[in-house]
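Data block below; observations after.
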């Protein structure tokens, strides 16, 4: 597997990417390239002919209210993460039974750690999980927001579950 930035990948590869969620597919196929607020990583097969997964990362913050105080904790947002339907339930060759979804998500987390340690401090990461992916993210160590944490009101987040993790 190879990892490249979306801007380094041929557009025709994106048209073959389908994760099973039309909104997420639309974001990656037509909006991610011009999204100035996120950097998208492509996880490609060794032949560079198929996208295994995509992950868009963005700087953001988590707003916390406690008593009468409001805090914003610096955080990295996984704006979008998706695995190609073809690879969703396949194991990584030589990966001791690890699925591609777990493998690519773990690499995404490693990229976040690298970024926060070298370039921009943040002690948390978060995402908005589609309901079908909720259990996957719980297995990865993510937790749903508590009543003290506040999510965004962006339109495309309707029905999504805000989740976070301490780095």
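When restricted to residues that are closer than 20 Å to residue 58 by Cα and outside any helix (DSSP H, G or I), the stretch 7-41 contains 8.
Can you name the residue in the stretch 99-132 that is under 15 Å from residue 164 (Cα atoms) and part of a strand (DSSP E or B) and, of all such residues, is farthest from the chain's Cα centre (by Cα)? In this case the residue turns out to be 124. Of all the numbered requirements in (1) on the phi < 0 side of the Ramachandran plot; (2) in contact (Cβ under 8 Å) with a residue 12 or more places away in the chain, residue 20 misses one, and that requirement is (1). Every condition in (1) within 16 Å of the chain's Cα centre (by Cα); (2) touching a residue at least 40 places away in the same chain (Cβ under 8 Å); (3) not in a strand (DSSP E or B) is met by residue 48 except one, and the failing one is (1). When 78, 107 are checked against the criterion of being crowded, with 22+ Cβ neighbours inside 10 Å, closer than 22 Å to residue 18 by Cα and touching a residue at least 12 places away in the same chain (Cβ under 8 Å), a single residue qualifies: 78. Can you tell me which residue is farthest from residue 161 (Cα to Cα) among those in the stretch 76-93 that are assigned to a strand (DSSP E or B) and touching a helix residue (DSSP H, G or I) at 6+ places or on another chain (Cβ under 9 Å)? Per the criteria, the residue is 91. Residue-level check: of (1) over 13 Å from the mean Cα position of the chain (by Cα); (2) part of a helix (DSSP H, G or I); (3) without any contact (Cβ under 8 Å) to a residue 24 or more places away in the chain, residue 96 misses just (2). Within the stretch 44-79, the set of residues being in contact with a strand residue (DSSP E or B) (Cβ under 8 Å, 6 or more places away or on another chain) and under 17 Å from residue 15 (Cβ atoms) comprises 44, 45, 48, 50, 51, 52, 53, 54. Among the residues examined, residue 39 does not qualify as in contact with a strand residue (DSSP E or B) (Cβ under 8 Å, 6 or more places away or on another chain) and in contact (Cβ under 8 Å) with a residue 40 or more places away in the chain.
Laboratory data are not the source of any read-out in this text; all were calculated from the coordinates shown. Treat the numbers as computed from the prediction; the structure is a model and nothing was measured. All Cβ positions, even for glycine, are placed from backbone atoms using ideal geometry, and neighbour counts span all protein chains on display.
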